[in-house]
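Structure first, commentary second.
The values are calculated or read from the model by the stated rules, or taken from the named source; none is laboratory data. Bear in mind the structure is a predicted one, so any value in this text is a computation, not a measurement. Cβ atoms come from the backbone with ideal geometry, glycine included; neighbour counts cover every protein chain shown.
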Amino acid sequence: MKKKSSYLEHAAVTVHDIEWSIRFFENVLGMDVIRRKEANGKLEQVWLRGGLQLVSSPDNYAAGQGHHLGIVTEDFKGTLREMLAYEGVHAVDGKPEKWVELPDGLLLELFQEKPGAIDKVLSIEVK
């Protein structure tokens, strides 16, 4: 039986000044904004090319902290079922079924793999 594979699709971090952070990652690292989310005319979140999500720091999060990890998996439903069977792991109230919280508070957001994506991503070697 083939072992399941997954990969980290994005990491989300909280920031105090989202506009400053956008300029930094665009200008210094060339990570352009590919998606924005606003509420009441205020920028709340951006997704940058390369797998980074910036979340404007709400009052209950310290800026510069991890917010959640987005993980792509081959078998979304099976993986979610296995995660929720682990002691201390639970679904996040008020969020879609793709969100789970681990006992230490780490949030995971799950995505179903597009065919062949995991093998392609995992074949990349960084030196």
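Every residue in segment 15-65 that is farther than 17 Å from GLU109 by Cβ, touching an Asp or Glu at 6+ places or on another chain (Cβ under 8 Å) and not hydrophobic (A, V, I, L, M, F, W, C), please.
Residues satisfying the conditions are GLU26, ASP32, GLU38, ARG49, SER56.
Quick check: anything in segment 47-60 surrounded by 12 or more Cβ atoms within 10 Å (Cβ to Cβ) and farther than 18 Å from VAL13 by Cα?
No.
Checking the conditions here, which among ILE34, ILE71, ILE22 is touching a residue at least 60 places away in the same chain (Cβ under 8 Å) and β-branched (Val, Ile, Thr)?
Answer to the check: ILE71.
Could you please find all residues in segment 33-54 being touching a helix residue (DSSP H, G or I) at 6+ places or on another chain (Cβ under 8 Å) and hydrophobic (A, V, I, L, M, F, W, C)?
Once the filter is applied, which keeps residues that are touching a helix residue (DSSP H, G or I) at 6+ places or on another chain (Cβ under 8 Å) and hydrophobic (A, V, I, L, M, F, W, C), segment 33-54 yields VAL33, LEU43, VAL46, LEU48, LEU52, LEU54.
For segment 9-32, state whether one or more residues are buried (at least 18 other Cβ atoms within 10 Å of the Cβ) and under 22 Å from GLU97 (Cα atoms).
Yes: one or more hits.
Can you find even one residue in segment 3-25 that is of a type in the set (Gly, Ala, Ser), more than 16 Å from the chain's Cα centre (by Cα) and within 16 Å of ILE118 (Cβ to Cβ)?
Looking for residues that are of a type in the set (Gly, Ala, Ser), more than 16 Å from the chain's Cα centre (by Cα) and within 16 Å of ILE118 (Cβ to Cβ), one finds at least one in segment 3-25, hence yes.
Are any residues in segment 23-33 at pLDDT below 95, of a type in the set (A, V, I, L, M) and touching a strand residue (DSSP E or B) at 6+ places or on another chain (Cβ under 8 Å), and if so, which ones?
Of everything in segment 23-33, just one residue is at pLDDT below 95, of a type in the set (A, V, I, L, M) and touching a strand residue (DSSP E or B) at 6+ places or on another chain (Cβ under 8 Å), namely MET31.
Does any residue of segment 66-79 turn out to be part of a loop (DSSP other than H, G, I, E, B), over 13 Å from PHE111 (Cβ atoms) and out of contact with any helix residue (DSSP H, G or I) (no Cβ under 8 Å at 6 or more places or on another chain)?
no
Looking only at segment 51-65, decide whether some residue is under 17 Å from VAL121 (Cβ atoms), in a loop (DSSP other than H, G, I, E, B) and at pLDDT 90 or above.
Within segment 51-65, one or more residues are under 17 Å from VAL121 (Cβ atoms), in a loop (DSSP other than H, G, I, E, B) and at pLDDT 90 or above.
When segment 100-113 is examined, which residues are found to be in contact (Cβ under 8 Å) with a residue 24 or more places away in the chain, assigned to a loop (DSSP other than H, G, I, E, B) and either touching a helix residue (DSSP H, G or I) at 6+ places or on another chain (Cβ under 7 Å) or exposed (fewer than 15 other Cβ atoms within 10 Å of the Cβ) (or both)?
LEU106
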